[in-house]
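Read the structure below first, then the notes.
The values are calculated or read from the model by the stated rules, or taken from the named source; none is laboratory data. All values derive from a computational prediction rather than experimental measurement. Because the Cβ atoms are built from the backbone with ideal geometry, glycine has one as well, and the counts that use them run over all protein chains shown. With ligands, DNA and RNA removed, areas are computed over all heavy atoms of the protein, side chains included. Shrake-Rupley method; radii C 1.70, N 1.55, O 1.52, S 1.80 Å.
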Amino acid sequence: MNHDTHWTADPDELLRVGPGFRLSEQPTDGTPGFDGGKKEGRKALSHGADVLAGLQEKLFACGRLGESRSILLVLQAMDTAGKGGIVSHVIGAMNPGGVHYAGFGKPTPEELAHDFLWRVWREVPAAGQVAVFDRSHYEDVLIGRVRRLADPDEIERRYGAITAFENELTESGTAVIKVMLHLGKDQQKRRLASRLERLDKLWKFNPADVDERLLWDEYQDAYQIALERTNSVQAPWFVVPADHKWYARAAVQELLIRQLQRLQLEWPAPDYDVEEQKQRLAAS
């Protein structure tokens, strides 16, 4: 079901990573499958918010009454690519009671004492939930690789461990959607510069962002390897052009909507006699 006419093609197909995918060949300023501009994109986002909220409520209701299905949205990107905006504008449109948010920063001493997936398992969605990982287990093969925080053999092991982890999730009823927000290097520079010019954005700037930017090419290579090694039918990667924030938000919203629609959810039947309860209520 296509709920918005500005989507001329399914972004699920256009943005999905396939065989022979090369990140370096993907434009960061495109709007694949969407025939409008910023104004139309904002309208689509607003309309899609109601659609998404309705589908999520149905998923939540099913989970409360015994169904095991859930959704995990993984967001990965370079700094300033717009993960926070997607959490606010896309995830924020849903009932917070059915949403689980987790952001993975630098591991604590307790987390470092365990396998890298230990802290991730603790945040997976419960039945009926939509979970979002704002950064995720992929940090351990991205910054871990670029900054050499683990030896090469351990990094290699992690690709396989991630695939096994995601397969286990999908087999237990969790649909996994992995999104890389693909930002251009020049666009990142503009966004970082903008933060330094605004008092209300200075708190978002971290001098370490410039340190990471100096390793841009190394990170692009690390992303390419991660995409190749962990893309699967069960847990596919989607690379979303992120130079236009409005498009990235609309595209991620649409990926979520289409995944929820594929679940073909039905409102759960009550375990009580509706007419009897109407009579009881009328007499009360």
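Rounded to the nearest Å, what's the spacing between the alpha carbon centres of segment 79-117 and segment 169-198? Just the number, please.
Value for the Cα centre distance between the two parts: 12 Å.
Please compute the alpha carbon radius of gyration of segment 97-238, then divide it by the globular-protein estimate 2.2 N^0.38 Å. Two decimals is fine.
On the way: Rg = 16.5 Å, N = 142, 2.2 N^0.38 = 14.5 Å.
Against the compact-globule rule of thumb, the ratio is 1.14.
Within segment 182-284, report the GluC sites (Glu not before Pro) that DSSP leaves as loop and that have at most 10 other Cβ atoms within 10 Å. Present the calculation step by step, with values, prior to reporting the outcome.
On the way: sites: Glu197, Glu212, Glu218, Glu228, Glu254, Glu266, Glu275, Glu276; in loops: Glu266.
Within segment 182-284, the qualifying GluC sites (Glu not before Pro) (loop, at most 10 other Cβ atoms within 10 Å) are Glu266.
In Å², what does the accessible area per residue of the chain work out to with a 1.4 Å probe? Intermediate results must be reported in sequence, preceding the final value.
On the way: 14530 Å² over 284 residues.
Spelled out: the 1.4 Å probe surface of the chain, per residue, equals 51 Å².
Multiplying the sequence separation of Asn95 and Ala53 by 0.36 nm and subtracting their Cα-Cα distance, what value in nm do you get?
Numbers: separation 42, 0.36 × 42 = 15.12 nm, distance 0.68 nm.
Going from the current span to full extension adds 14.4 nm.
What number, rounded to the nearest 500 deg cm²/dmol, is the helix-based mean residue ellipticity at 222 nm of the chain, given -39500 (n - 2.57) per DSSP H run of at least four residues and division by all its residues?
-15000 deg cm²/dmol
Which trypsin sites (Lys or Arg not before Pro) from segment 158-226 combine a DSSP loop assignment with at most 16 other Cβ atoms within 10 Å? Don't skip to the end; give the middle numbers.
Working: sites: Arg158, Lys178, Lys185, Lys189, Arg190, Arg191, Arg195, Arg198, Lys201, Lys204, Arg213; in loops: Arg198, Lys201.
Of the trypsin sites (Lys or Arg not before Pro), the ones in loops of segment 158-226 whose Cβ has at most 16 other Cβ atoms within 10 Å are Arg198, Lys201.
Test of understanding: in a Gaussian network model of the chain with alpha carbons linked when under 10 Å, which of Tyr247, Tyr219, Tyr272 would top the mean-square fluctuation ranking?
Result: Tyr272 has the largest fluctuation of those listed.
State the three equivalent ellipsoid semi-axes of segment 49-111, derived from the C-alpha gyration tensor as the square roots of 5 times its eigenvalues, in descending order and whole Å. Don't skip to the end; give the middle numbers.
Values: eigenvalues 128, 62, 14 Å².
After scaling each eigenvalue by five and taking roots: 25, 18, 8 Å.
Distance in nm between label sites at Asp271 and Glu218, each 7 Å beyond Cα in the beta-carbon direction?
With each label placed 7 Å out from Cα toward Cβ, I get 5.5 nm.
Considering amide H positions built from the backbone, and no H for Pro or chain starts, which residues 5 or more places from Lys178, or on another chain, come under 5 Å of its amide H?
Excluding prolines and chain starts, which carry no amide H, the hits are Val74, Phe238.
Expressed as a whole percentage, what fraction of the accessible surface of segment 1-67 belongs to carbon and sulfur atoms when a 1.4 Å probe is rolled over the protein heavy atoms?
Working: 1870 of 3860 Å².
Roughly 48 percent, rounded to a whole number.
Taking 0.36 nm per residue of separation and subtracting the Cα-Cα distance, what length does fully extending Asn206 through Ala9 add? All intermediate terms of the calculation are to be shown ahead of the outcome.
Details: separation 197, 0.36 × 197 = 70.92 nm, distance 3.81 nm.
Once the chain is fully extended between Asn206 and Ala9, it gains 67.1 nm.
By its C-alpha gyration tensor, with a ≥ b ≥ c as the square roots of the eigenvalues, how is the chain shaped: rounded for a/c under 1.5, else prolate for a/b larger than b/c, else oblate? Can you show the working numbers first?
Working: a/c = 1.84, a/b = 1.43, b/c = 1.29.
Taking the square roots of the gyration eigenvalues as a ≥ b ≥ c, the chain is prolate.
Give the whole-number value, in cubic angstrom per residue, of the convex hull volume spanned by the C-alpha atoms of segment 180-219.
Working: hull volume 3.1 nm³, N = 40.
Taking only Cα atoms, segment 180-219 has a hull volume of 77 Å³ per residue.
Report the residue, chosen from Thr108, Thr31, Thr230, that carries the largest GNM mean-square fluctuation when the chain is represented by alpha-carbon nodes joined by springs under 10 Å.
Thr108
Explain nothing, just compute: Karplus ³J(HN,Hα) = 6.51 cos²θ - 1.76 cosθ + 1.60, θ = phi - 60°, for every residue of segment 204-219 in order, whole Hz, x for Gly and Pro.
Ordered by residue, 3J(HN,Hα) equals 7, 7, 10, x, 5, 4, 6, 4, 5, 4, 5, 9, 3, 5, 5, 5 Hz.
What does the extension gain come out to for Ser88 and Ala164, with contour length at 0.36 nm per residue minus their alpha carbon separation? Kindly include the intermediate steps, with their values, before the conclusion.
Values: separation 76, 0.36 × 76 = 27.36 nm, distance 3.03 nm.
Full-extension gain reported as 24.3 nm.
Given just the C-alpha atoms of segment 1-132, how large is their convex hull per residue in cubic angstrom?
Here the figure is 166 Å³ per residue.
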